[in-house]
Amino acid sequence: MNRRFPFLAAAALMLGGTAASVRAADAPAMLPSGDFAITNAVVAIGDGSAPIAGGAVVVRGGKIVAAGKDVAIPAGMAVIDGTGKWVTPGLVSAMTDLGLLDVGDVDESNDASASTARFSAALDASLAIDPDAPPVAVSRAGGVTRAGVAPSAANAIFAGQGAVIDLAQTGPVMVHPRAFQLVELGERGADLAGGSRMAAQALLRNALREARELAQRKPAKDTSEPAPGQPGDALLTRLDAAALIPVVTGNQPLFVHVERAADIRGVLALGREFPALRLVIVGGGEGWRVAGELAAAKVPVLANALADLPDRFETLAATQSNIGRMTAAGVKVALGGFYDGDQPRYAPQYAGNLVGLSRVPGATGLSWGQALAAITSIPAEILSEGATFGSLKPGLAADVVLWDGDPLEVASSPVAIYIDGRPQSLVSHQSRLRQRYRRPQEGALPKAYE
């Protein structure tokens with residue numbers, strides 16, 4: 001029997017099938033859907049609390065009904081015995097390029113940036129996302145159920161508008177189009193703005209002012225001339241300025257990529273001129289140096305768990321204790337920045353490193369519960385106010401992952417994945433290639449290999 005699907009045999013028998021009929025590709029069809037319970041498992045809610053041994057999760061109508069210890073299982077409900085397994089919420093990756101590329105080095109398949117476009121802030125990632133792109137299925141098989149997708153800045157400091165998607169095998173993928181705006185400051189922003197952080201700051205403030213003025217002005221009768229309140233020397237296209245109106249009015253978060261402590265302080269200062277801004281720091285390699293200021297401003301951070309070396313001048317104070325120190329100071333911190341080779345499915349490994357770091361003398365890591373929250377509920381909260389996903393709390397979407405061991409251990413992997421209570425396939429292009437070449441039969445190899 002396949003080690004990754006031993007519990008499916010029981011599910012098949014429970015549903016009237018046979019153990020011999022269960023294959024990886026058939027897993028979703030063999031699992032109960034909609035209303036079911038998982039019992040006798042180690043349950044991790046995803047809210048920062050410690051895992052619960054001998055727990056259960058009850059799902060009804062695609063929502064979590066109950067999760068934890070001493071959970072009553074409704075009579076007649078389909079039950080999966082999770083003995084020896086762990087149950088968590090689906091992983092949430094807040095910053096990815098999922099669906100924007102098939103192969104990063106093949107330009108024709110890559111929509112992650114627009115280096116010669118006439119627009120910047122108006123670029124809308126939701127219009128280019130392909131749910132059939134191979135990295136989507138690979139990430140889903142790794143336990144990722146929701147993700148933020150953002151383009152990369154290429155021709156201006158504004159990268160464009162990111163979207164929130166679910167990774168369901170079937171059904172709607174778009175959860176929230178135009179969910180946030182991404183802007184580059186720091187070293188990269190300075191380069192895009194003309195070679196200086198001064199230029200990047202001037203461009204950002206000018207753009208936000210143009211958007212604010214556009215939001216306040218009255219419609220013009222003659223559209224060929226600037227309307228009252230619209231400056232004649234505007235640097236943004238009308239479409240880009242209009243795309244920033246939700247940012248300056250507080251209806252769309254502004255994700256700002258910066259690493260240096262001084263640059264983070266510069267971003268926080270934006271709030272004095274534009275008080276409605278909902279700021280999120282992306283990167284924050286030196287965030288621990290200004291952790292108190294971030295906490296006081298209630299600005300969350302999407303940080304890189306492995307940014308522990310001064311590989312650039314803006315990260316001279318980098319330390320792997322960065323996330324632990326910010327969390328200890330009261331900053332809401334999630335793991336972010338999963339692009340191309342740094343895939344979202346690696347998030348549990350990074351979170352596990354932070355747990356291990358807590359045992360290193362002089363270092364500051366995270367507890368197990370905090371580490372899981374950093375890849376589930378916290379990124380969900382950052383991506384969407386009042387998020388309806390990201391944990392196993394009652395009433396939230398039944399995004400559930402059943403693991404064959406501790407999910408923060410490298411050797412563990414998902415054996416079943418649900419999104420909105422619907423079972424998902426673990427098959428991807430990678431898994432099909434593995435099966436094809438594991439024990440190739442005569443004639444199975446392409447002619448070039450014969």
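Yes/no matrix, rows are residues, columns are (1) basic (Lys, Arg); (2) in contact with a helix residue (DSSP H, G or I) (Cβ under 6 Å, 6 or more places away or on another chain); (3) surrounded by fewer than 24 Cβ atoms within 10 Å (Cβ to Cβ); (4) assigned by TED's automatic domain parsing to the domain that holds residue 354:
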position: 367; (1), (2), (3), (4): no, no, yes, yes
position: 371; (1), (2), (3), (4): no, yes, no, yes
position: 383; (1), (2), (3), (4): no, no, no, yes
position: 399; (1), (2), (3), (4): no, no, no, no
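Exactly one residue out of 279, 268 is under 19 Å from residue 177 (Cα atoms) and modelled with pLDDT of 95 or more, and it is 279. Here is a list of conditions, (1) assigned to a strand (DSSP E or B); (2) on the phi > 0 side of the Ramachandran plot; (3) not basic (Lys, Arg), and residue 180 meets all of them except one; can you say which number that is? For residue 180, the exception is condition (2). Is it the case that the stretch 41-60 has a residue that's under 25 Å from the mean Cα position of the chain (by Cα) and modelled with pLDDT under 95? Within the stretch 41-60, not a single residue is under 25 Å from the mean Cα position of the chain (by Cα) and modelled with pLDDT under 95.
Cβ separations smaller than 7 Å between residues 6+ apart or across chains give the following pairs from the stretch 315-340 residues that are farther than 16 Å from residue 353 by Cα to residues that are hydroxyl-bearing (Ser, Thr, Tyr) and not in a strand (DSSP E or B): 328/364.
Would you mention how many residues in the stretch 72-91 are more than 18 Å from residue 425 (Cα to Cα) and among the aliphatic types (A, V, I, L, M)?
At the first step, the residues of the stretch 72-91 found to be more than 18 Å from residue 425 (Cα to Cα) are 72-79, 81-86.
In the following step, the residues that additionally are among the aliphatic types (A, V, I, L, M) were identified as 72-73, 75, 77-79.
Of the residues in the stretch 72-91, 6 are more than 18 Å from residue 425 (Cα to Cα) and among the aliphatic types (A, V, I, L, M).
Scanning the stretch 314-333 for residues that are surrounded by 18 or more Cβ atoms within 10 Å (Cβ to Cβ) and either among the acidic types (Asp, Glu) or more than 21 Å from residue 376 (Cα to Cα) (or both) turns up 314, 315, 318, 319. Number of residues in the stretch 269-298 that are assigned to a loop (DSSP other than H, G, I, E, B), more than 19 Å from residue 366 (Cβ to Cβ) and not charged (D, E, K, R) equals 4.
Each row is one residue, and each column tells you yes or no for (1) touching a Gly at 6+ places or on another chain (Cβ under 9 Å); (2) at negative phi; (3) surrounded by fewer than 19 Cβ atoms within 10 Å (Cβ to Cβ); (4) not acidic (Asp, Glu).
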{"position": "238", "(1), (2), (3), (4)": "no, yes, yes, yes"}
{"position": "247", "(1), (2), (3), (4)": "no, yes, no, yes"}
{"position": "254", "(1), (2), (3), (4)": "no, yes, no, yes"}
{"position": "265", "(1), (2), (3), (4)": "no, yes, yes, yes"}
{"position": "271", "(1), (2), (3), (4)": "no, yes, yes, yes"}
{"position": "275", "(1), (2), (3), (4)": "yes, yes, yes, yes"}
{"position": "287", "(1), (2), (3), (4)": "no, yes, no, yes"}
{"position": "303", "(1), (2), (3), (4)": "yes, yes, no, yes"}
{"position": "312", "(1), (2), (3), (4)": "yes, yes, yes, yes"}
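Of the residues contained in the stretch 35-45, none is found to be under 21 Å from residue 379 (Cα atoms), surrounded by fewer than 18 Cβ atoms within 10 Å (Cβ to Cβ) and not assigned by TED's automatic domain parsing to the domain that holds residue 370.
For the stretch 66-84, the set of residues classified as among the small types (Gly, Ala, Ser), part of a strand (DSSP E or B) and farther than 14 Å from residue 401 by Cα consists of 66, 68, 78, listed by residue number. One residue stands out among those in the stretch 109-147 that are surrounded by fewer than 24 Cβ atoms within 10 Å (Cβ to Cβ) and in a strand (DSSP E or B): the one that is modelled with the lowest pLDDT, which is 110.
Taking the criterion of being charged (D, E, K, R) and assigned by TED's automatic domain parsing to the domain that holds residue 133, the residues of the stretch 78-102 that qualify are 97, 102.
The values are calculated or read from the model by the stated rules, or taken from the named source; none is laboratory data. Predicted model, so just to flag it, every value in this text is computed and none were measured. Don't worry about glycine lacking a Cβ; one is built from the backbone with ideal geometry, like all the others, and counts go over all protein chains shown.
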